[in-house]
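Below is one structure, written out as structure tokens; the observations come after it.
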Amino acid sequence: MKPVERDNLNKVQISNRVGSHLNCFKFGINETKEHIDKKLEVFIELRKQGHNLITEAKFLNGCRADVFDISDGRAFEVLNSEKDKDCDQKDYPVKIIKIRC
């Protein structure tokens with residue numbers, strides 16, 4: 001693992017740092033099919049590009065991102081019914097990329 005990836009990994013809770021979470025796709029049972037499909041699309045594209053990811057990453061401050069790219073320190077939020085301004089109010093410790101379903 002590259003030093004920058006280790007630094008980014010330290011931004012998430014310890015439970016997300018274990019090896020079984022890295023590059024595994026996770027979703028919640030209450031997510032819509034459209035949300036899961038878009039999140040999976042983002043996940044697959046980034047993995048094809050060689051990025052290391054954590055889905056449903058929970059940051060130290062309690063915020064949770066759909067996909068956290070530890071390779072470059074960006075988090076991806078898939079927005080379906082959520083408004084952009086609601087997403088903007090979350091206190092993410094990294095840059096957020098918003099993607100609409």
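Details
- Filter pass, residue 10 being touching a Lys or Arg at 6+ places or on another chain (Cβ under 9 Å) and within 15 Å of residue 93 (Cα to Cα): yes
- Residue in the stretch 54-100 that is surrounded by the most Cβ atoms within 10 Å (Cβ to Cβ), counting only those that are more than 10 Å from the chain's Cα centre (by Cα) and of a type in the set (S, T, N, Q): 71
- Search result, residues across the stretch 82-96 that are out of contact with any helix residue (DSSP H, G or I) (no Cβ under 9 Å at 6 or more places or on another chain) and either over 20 Å from residue 13 (Cα atoms) or part of a loop (DSSP other than H, G, I, E, B) (or both): 82, 83, 84, 85, 86, 87, 88, 89, 90, 91, 92, 93
- In the set (1) within 13 Å of the chain's Cα centre (by Cα); (2) polar (S, T, N, Q); (3) in a helix (DSSP H, G or I), the condition left unmet by residue 23 is number (3).
- Taken together, the residues in the stretch 24-39 that are touching a Phe, Trp or Tyr at 6+ places or on another chain (Cβ under 9 Å) and closer than 15 Å to residue 68 by Cβ amount to 2.
- Of the residues in the stretch 29-47, not one is surrounded by fewer than 17 Cβ atoms within 10 Å (Cβ to Cβ), in contact with a Pro (Cβ under 9 Å, 6 or more places away or on another chain) and either outside any loop (DSSP other than H, G, I, E, B) or aliphatic (A, V, I, L, M) (or both).
- Annotation: residue 23 fulfils all but one of (1) surrounded by 15 or more Cβ atoms within 10 Å (Cβ to Cβ); (2) on the phi < 0 side of the Ramachandran plot; the unmet one is (2).
- Among residues of the stretch 56-73, those that are in a loop (DSSP other than H, G, I, E, B) and either among the β-branched types (Val, Ile, Thr) or at positive phi (or both), counted: 3
- Hits in the stretch 10-35 - residues which are closer than 19 Å to residue 50 by Cα and either at pLDDT 85 or above or in contact with a Gly (Cβ under 9 Å, 6 or more places away or on another chain) (or both): 22, 23, 24, 25, 26
The values are calculated or read from the model by the stated rules, or taken from the named source; none is laboratory data. Because the structure is predicted, anything quoted here is derived from the model rather than measured. With ideal geometry, Cβ positions are generated from the backbone for all residues, glycine too; neighbour counts draw on all protein chains shown.
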